[in-house]
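Heads up, the thing below is written out as structure tokens.
The values are calculated or read from the model by the stated rules, or taken from the named source; none is laboratory data. All values reported here derive from a predicted model rather than from experimental measurement. So basically every Cβ, Gly included, is an ideal-geometry build from the backbone, and we count neighbours across all protein chains shown. Heads up: the accessible areas ignore ligands, DNA and RNA and are worked out on the full protein's heavy atoms, side chains in. Shrake-Rupley method; radii C 1.70, N 1.55, O 1.52, S 1.80 Å.
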Amino acid sequence: MPRVPDLGITLGLLPPGPTGSVLDVPGAGLGHATVWRDEPPPPAGRGTARTGVTVIDPGGDLFRFPVPAGGAVLNGAGECTGLLAAQEWGLAETPVFLTSTMQLGRVYDTACELLMDEQAAIGDEDVIIPIVAECDDSFLNENRRMQVQAGDVRAALAAARSSAGAQAAHEGAVGAGTGMSCLGYKGGIGTASRVVPDGATVGVVTMTNFGERERLTVAGVPAGRLLPDPGAGPGDGDAVAGEGAAASGGRPGPAGSCIAVVLTDGPLDAAACQRLARRAGLGLARVGSTAHHASGEIFLALATGLRAPRGAAPSRSPVTGGALDDYFAAVVEATEEAVLNSLLQAGTVTGRDGHTSYGLPAGPLRALLGVTAERPGRSR
């Protein structure tokens, strides 16, 4: 499956890192555990599971060496534990865990247990509030049963730790993105990166679960209105499910949320991280988000460049003022690309009650953009 660069288009002005993913940030990891099974519906069984857990790990011991962090909320119909503490203290002291709405508590509990097992000081010297964010995958996933187990959280965290320095990131319908739908197509996990002129790298990870097909925009082209409807059939019309879940035989509603996690090795403090997090909303707007009433657009930014021992001040001065402009641009460009990568990397998935979320057709999209292997790439 292609990624944005494979379509021959360039989004923005800043160059990507070697892998074009959050893995370009030194020490960063991105890992998943996918829960995929088919059982009889409740109460006889657990039903159709299309869900999972994804972990973004900045690397290192985050309890002993927390990192500057900040967040922003575009529309708040969602949840992210640890966000208030990060906003208040300006620090992140756990990896970021992503999952399904109804699984958030279970992931939070397991994250506490796993991190306590790794660092004996947690719960003794001080407590932690793990960062766990969610989107609603109930269009494809049976949410009346707890589908995620402790072993899934453990596997996702281990996968994130082992992925640091890898040559490619896993995207699409994996981990927490398994049951997500976005802009009328199959969504999921996407990532992208940009390198700013001072040499720092900005990586973005998105969990995409929002928007209508008619609003999908790719490199400025209204692709959603121009591509054929993949789900149209005799008598299908334009049946659309309500917000969040879906009516039988319908399609995902326009509201469903998006989580964006920004990670950089630049020397940014908490105030700058908060400003970076806000810019993720501009990237979402470029692809067609309008932040629906029932949607939760929650953004986090973490920076490892000013990392210091717990309770100590950083030894470097932060980037401030106009010098942040390149970082802002990097977040916008990488967020836009990460959303599109989440679509391009996700194939068609059929879930509960026969609901189907169709993969974005790369061939017709490439033709629509007017790009071939022999022609120069389209830029915006």
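Which FRET efficiency value, to the nearest 0.05, is calculated for residue 125 and residue 229 with the Förster distance at 51 angstrom and r the Cβ-Cβ distance?
Efficiency, rounded to the nearest 0.05: 0.35.
From the square roots a ≥ b ≥ c of the eigenvalues of the alpha-carbon gyration tensor of the stretch 1-146, which class results: rounded (a/c under 1.5), prolate (a/b over b/c), or oblate?
Numbers: a/c = 1.81, a/b = 1.06, b/c = 1.71.
Oblate is the answer for the stretch 1-146, as a/c is 1.5 or above yet b/c matches or exceeds a/b.
Quick check: from the Cα gyration tensor, does the chain come out rounded (a/c under 1.5), prolate or oblate?
Cα axes put the chain in the oblate bin.
Can you tell me what percent of all Cα-Cα pairs in the stretch 256-380 are more than 25 Å apart?
43 percent
Give me the percent of DSSP beta bridges within the chain that run antiparallel, rounded to the nearest 5. Working shown, then result.
Working: 45 of 60 bridges.
If we restrict to bridges inside the chain, about 75 percent are antiparallel.
Among 276-285, 294-303, how do they line up from the highest to the lowest mean number of other beta-carbon atoms within 10 Å?
294-303, 276-285
Pop a pseudo-label 7 angstrom from the Cα along the beta-carbon direction at both residue 323 and residue 145 and give the gap in nm to one decimal.
5.5 nm
So how far apart, in nm, are the two label points at residue 350 and residue 368 if each is 7 Å from Cα heading toward Cβ?
Once both label points are built, they end up 2.4 nm from each other.
What does the accessible area per residue of the chain come to in Å², with a 1.4 Å probe and no ligands, DNA or RNA counted?
Result: 37 Å² per residue.
Classify the stretch 92-222: rounded, prolate or oblate, from the alpha-carbon gyration tensor (a ≥ b ≥ c, eigenvalue square roots; a/c under 1.5 rounded; otherwise prolate if a/b is larger than b/c)?
Oblate, since a/c reaches 1.5 and b/c is not below a/b.
Three principal axis extents, largest first, for the C-alpha atoms of the stretch 254-314, in Å?
So the three principal-axis extents are 45, 20, 14 Å.
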